[in-house]
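Presented below is the structure to which this report refers.
All of the numbers you see were taken from the coordinates with simple rules; none came from a lab. Predicted model only: the values in this text are computed from it and were never measured. Here Cβ is always computed from backbone atoms with ideal geometry, including for glycine, and neighbour counts include all displayed protein chains.
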Amino acid sequence: MSRWPADFLASKTAPGILLFLAALLAMIIANTPLSSWYDALITLPFEIRVGDFGIAKPLLLWINDGLMAVFFFMIGLELKRELIEGHLSDPREVILPAAGAIGGMAIPALIYYFINIDDPVALKGWAIPAATDIAFALAILALLGSRVPVTLKVFLVSVAIFDDIAAIVIIALFYSGELSTKALTFAAVCLPVLFWFNRSGVMRTTPYLIIGAVMWVAVLKSGVHATLAGVVLAFFIPLRGENEYGKSPAKTLEHSIHGTVSFFVLPVFAFANSGINLTGSGLDSMVHTVPLGIFLGLVAGKQAGVLGMCLLAVAIKIARLPEGVTWRHIYGAGLLCGVGFTMSLFIGSLAFEETGVNLLFDERIGIIAGSLVSGIAGYLVLRGAKAPNESG
């Protein structure tokens, strides 16, 4: 019996391929007579009610606010592990990817800002090209196999981690709605409970998850984006110590939800947010300031920002290139950082959902085109780089 399904799911490229297929399927459906079914599906109302208290949202927002909270929970667990035990625990290894991440977010945002400077509504999308989809970027890197050094993957992952930290801060500061003091107070009450669990040596994850679910509902009602509850919860889960299975609670959770996030949460998100109806659109759709700013930010801004800041950090001798990594590798990694896809779509949905102006079409065109060009260019640049075992 064929083992290809199991072999595919175990491969490093599988998450990125599934993301691409989910987005492609959504675009195909959105441009066929099935488009009305697609629209009906993502706008289908769902409500959870207990007495007078209820949460009512269309399916799209349950995905963006609920499923993506699970994604950010996993991001939080990864951040905590990397900061305490991983590559980011050594300050000497942090400076170069941190510099690359700063440049890779600042330059794309500035490009978008100056292209849309005369449109206050469009300016709300300034953070869209600053994001990086690490699942896609790593999937492309995995296609190159041994042609790229392992240290380049570490560099790219580290850049993406700093990218995620910045994205979390940006969402909290710039993409929250009107704040409810009552709901925020209720969410804040959860924090000392989680802290007490952690300091008391509670190693079972169920109590943390129960309080985390309560906190998610409170944050959802507060006006702060609900996905941030996932990040906060992750930092209270014990990394050191052993659960009933003799393992780290945080590492056990991270491992157990990784497959769910990679093979369900992100593909579902991509499918729900990528259905662009291209009927009647032409080249003029791409040259509108919103998609143009996003496209140039992802394609030109990312590579310039990552490479430029890394060059500066090495030139002033506060950082050095990782072993086996050349400037061509750094340039290729900068291009791959321009694959914004999932994170850019997510920030775009936050940026324009409450403006009253439908810029989601323009935004998604720029994201998909910019991510596609960046991914192909990054692959070709790294494909032509000297493999670690090649001489001369």
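Given the -39500 (n - 2.57) contribution per DSSP H run of 4+ residues, what per-residue ellipticity at 222 nm results for the chain, rounded to the nearest 500 deg cm²/dmol?
Roughly -19500 deg cm²/dmol at 222 nm, from the helical runs in the chain.
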Order by protection proxy (mean Cβ within 10 Å, highest first), peptides 39-47, 226-234, 160-168: 226-234, 160-168, 39-47
Dipole of the chain [Lys/Arg +1, Asp/Glu -1 at C-beta], most positive-end residue of T132, L67, N116: T132
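Quote the relative contact order of the chain in percent (integer), defining contacts as alpha-carbon pairs under 8 Å separated by 6+ residues. List each step's numbers first, then the result.
Details: 625 pairs, mean separation 114.4, N = 392.
Relative contact order here is 29 percent.
In the structure displayed, which of K153/K251; K182/K221; K80/K221; K57/K221; K153/K302; K153/K317 lie more than 19 Å apart, Cα to Cα? Walk me through the intermediate numbers first.
Working: K153/K251 21 Å; K182/K221 9 Å; K80/K221 26 Å; K57/K221 12 Å; K153/K302 17 Å; K153/K317 22 Å.
The pairs that break the limit, which is 19 Å between Cα atoms, are K153/K251; K80/K221; K153/K317.
Given Cβ point charges of +1 (Lys, Arg) and -1 (Asp, Glu) and nothing else, what value in debye, to the nearest 20, does the dipole of region 74-223 about its Cα centre take? Display every interim value, and only then the final one.
Details: 10 positive and 11 negative charges, 100 e Å.
That gives a dipole near 480 debye.
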Base-10 log of normalised Debye intensity for region 63-178 (one unit scatterer per alpha-carbon) at q = 0.13, 0.18, 0.24 Å⁻¹: -0.60, -1.06, -1.42
The chain, dipole about Cα centre (Lys/Arg Cβ +1, Asp/Glu Cβ -1), debye to the nearest 20: 960 debye
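Only Lys, Arg, Asp and Glu count, each charged at its Cβ (+1, +1, -1, -1), so figure out the dipole size of region 200-283 about its Cα centre, rounded to 20 debye.
Details: 5 positive and 3 negative charges, 20 e Å.
Value, rounded to 20: 100 debye.
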Relative packing of peptides 189-202, 17-30, 323-336 - highest average C-beta neighbours within 10 Å first: 323-336, 17-30, 189-202
Per-selection metrics, region 98-142 (Cα): Rg and Dmax in Å: 12.8, 41
For region 204-238 and region 125-179, distance of Cα centres in Å: 22 Å
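So what is the relative contact order for region 79-144, in percent, with contacts set as C-alpha pairs under 8 Å and at least six apart? Don't skip to the answer; put the middle values down first.
Values: 28 pairs, mean separation 15.1, N = 66.
Value for region 79-144: 23 percent.
May I ask you to list, by number, the DSSP H helices of the chain whose Cα span along the axis is at least 18 Å and whose average Kyte-Doolittle hydropathy reaches -1.0 or more?
Values: long enough: 14-30 (24 Å, 2.60); 68-84 (24 Å, 1.34); 95-115 (30 Å, 1.75); 150-174 (35 Å, 2.32); 181-199 (28 Å, 1.07); 205-222 (25 Å, 1.36); 302-315 (19 Å, 1.53); 360-383 (34 Å, 1.15).
Going by DSSP H runs, the hits are 14-30, 68-84, 95-115, 150-174, 181-199, 205-222, 302-315, 360-383.
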Charge dipole of the chain about the Cα centre (unit charges at C-beta), most positive-ward option of A187, I237, S176: I237
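Quickly rank 371-380, 49-58, 243-252 as a protection proxy: mean count of other C-beta atoms within 10 Å, highest first. All intermediate terms of the calculation are to be shown ahead of the outcome.
Values: 371-380: 19.8, 49-58: 10.2, 243-252: 16.2.
Sorting 371-380, 49-58, 243-252 by mean packing, highest first, produces 371-380, 243-252, 49-58.
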Spherically averaged projected area of the chain from its Cα convex hull (nm²): 23.1 nm²
